[in-house]
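Below is one structure, written out as structure tokens; comments come after it.
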Number of protein chains: 2
Amino acid sequence: MRKRALPLERVYQLLEPGPVVLLTTARKGRANVMTLSWHAMLDFVPPLVCLVVSRQDYSRGLLNPTKQCVINIPDAPLARAVVGVGNCSGRDADKFARFGLTKVPATVVRPPMIQECFASLECRVVDSSMADVYDLFVVEVIAAWADSRAENPRTLHHRGLGNFMIAGRTLRLPSKMK
Amino acid sequence: MRKRALPLERVYQLLEPGPVVLLTTARKGRANVMTLSWHAMLDFVPPLVCLVVSRQDYSRGLLNPTKQCVINIPDAPLARAVVGVGNCSGRDADKFARFGLTKVPATVVRPPMIQECFASLECRVVDSSMADVYDLFVVEVIAAWADSRAENPRTLHHRGLGNFMIAGRTLRLPSKMK
């Protein structure tokens, strides 16, 4: 499926529900991907997101100096890849090859987008001041891409210990909330 | 349904999937409740959570000086109350009365727990240093309560504009992930 440009003011609609994401980073021609659930929106436009990348993660060493990443959002058919990626380190393996994830060049940043994910959000780190204490990075989404699955995505939501809630039906209620 | 003590090391299992929550605060005998989706885990034990409470929110004026709150987690039958709470301000209304939410005394903090929610997490603010820039508060969960619905909760996940994804089925995969 082909991704199209997603208006930046719609980015929060993909992240606010709390899906597991696959974060890609790259440095010196080497890319990595990690599984991540600890993220939250901080602002609508420009979309600001905070995310936790621990100092134990191999990705931390790629994210810190380059200040670039891509937040890729997988859906249910990628569940096994999501667990696989979360269960090994980029120090030991090319996780893209091992779990059948296809790297596609991003448009603004160096880390790749993942073809199999229904959405890819190109980001730059705008604040690392909370990294020392909380492993927390604030990133700004500067380009966003999504395919038609983004309309009602069957996202994965981690309940711990390999238990994933799969997004169910949508309830639409009249609301003034953004 | 009666809530029982939830071990603190299990708190992340309730928040990591990204549900909409109802945040209660209290000051000078007056309590308030707000709808909130912008939260993320920061650590497992003690459970640290970051959450966004904007300076426009009436709750901000209760949270800031008291440094206490309760994160209550509603499930699907509470969807209309969740939207109602999100669509008005505590400046103008007693939202508990208006939306049929029952206040129950918490055990360690002043803000009430909400009886109708399947889980209630008593919190104290441990870091407000990111409040000025990002409206972000770091809270520590110091007591946690959940009833039997917490085993497979039909949580609400906001996709924007009053569209709520309702938690679907659970997929269990062998994993080394916590």
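Once the C-beta distance of A:Val45 and B:Ile166 is scaled by a Förster radius of 22 Å, the resulting FRET efficiency is 0.20 to the nearest 0.05. Less than 5 angstrom separates the built amide H of A:Arg159 from those of A:Phe164, A:Met165, all sequence-distant by 5 or more or on a different chain.
Here the chain A residue lying nearest the rotation axis onto B, judged by its C-beta and given with the distance in whole angstrom, is A:Gly18, 1. Rounded to the nearest Hz, the phi-derived 3J(HN,Hα) couplings of segment A:90-105 under the Karplus curve 6.51 cos²θ - 1.76 cosθ + 1.60 (θ = phi - 60°) are x, 5, 9, 8, 8, 5, 4, 5, 5, 10, x, 9, 9, 7, 10, x, where x marks glycine and proline.
Among A:Lys103, B:Lys28, a tally of other beta-carbon atoms within 10 Å of each Cβ gives an order, fewest to most, of B:Lys28, A:Lys103. For the protein assembly as shown, the mean residue ellipticity at 222 nm estimated from helices alone is -4000 deg cm²/dmol, where every DSSP H run of n ≥ 4 contributes -39500 (n - 2.57) and the total is divided by all residues, rounded to the nearest 500. Averaging Cα coordinates gives a centre for segment A:71-98 and one for segment A:100-172; these two points are 13 Å apart.
Residue-wise HN-Hα couplings along segment B:22-38, as the Karplus relation 6.51 cos²θ - 1.76 cosθ + 1.60 with θ = phi - 60° gives them from phi, are 10, 9, 9, 9, 7, 7, 6, x, 10, 10, 9, 9, 10, 8, 8, 10, 8 Hz; Gly and Pro carry x.
Averaged over the residues of A:34-40, the number of partner chain Cβ atoms lying within 10 Å of the residue Cβ comes to 5. A simple spin-label model places the labels of A:Ala76 and B:Met177 1.7 nm from each other, with each point 7 Å out along Cα-to-Cβ. Label-point spacing for B:Glu151 across the identical copies (point 7 Å from Cα in the Cβ direction), in nm and ascending order: 3.8. Amide H to amide H, with H built 1.01 Å from N, B:Ile142 comes under 5 Å of B:Glu122, B:Cys123, B:Arg124, counting only residues 5 or more places away or on other chains. Each copy carries a label point for A:Cys88 at 7 Å from Cα toward Cβ; from one copy, the others' points are 5.6 nm away, ordered from shortest.
Rounded to the nearest 20 debye, the dipole size of segment B:16-166 about its Cα centre is 600 debye, using +1 on the Cβ of Lys and Arg and -1 on the Cβ of Asp and Glu. Potential lengthening of the chain between A:Gln115 and A:Arg4 amounts to 38.7 nm, from the contour at 0.36 nm per residue minus the alpha-carbon distance.
Distances, shortest first, from the label point of A:Gly61 to those at the same position in the other copies read 5.2 nm; the point lies 7 Å along Cα to C-beta.
Say R0 is 35 Å: what FRET efficiency, to the nearest 0.05, do B:Ser89 and B:Asn152 get from their beta-carbon distance? The formula returns an efficiency of 0.55 here. In order along segment B:150-167, phi translates into HN-Hα couplings of 5, 5, 8, x, 8, 5, 9, 10, 7, 9, x, 6, x, 9, 10, 7, 9, 3 Hz, rounded to whole numbers, per the Karplus curve 6.51 cos²θ - 1.76 cosθ + 1.60 with θ = phi - 60° and x for Gly and Pro.
Which of rounded, prolate, oblate describes chain B, given a ≥ b ≥ c as roots of the alpha-carbon gyration tensor eigenvalues and a/c under 1.5 marking rounded, otherwise prolate only if a/b is larger than b/c? Rounded, since a/c falls under 1.5.
No lab work stands behind these numbers, since they all come straight from the coordinates. Model, not experiment: these values are computed from the prediction. Cβ sites come from the backbone with ideal geometry, for glycine too, and all protein chains shown count toward neighbours.
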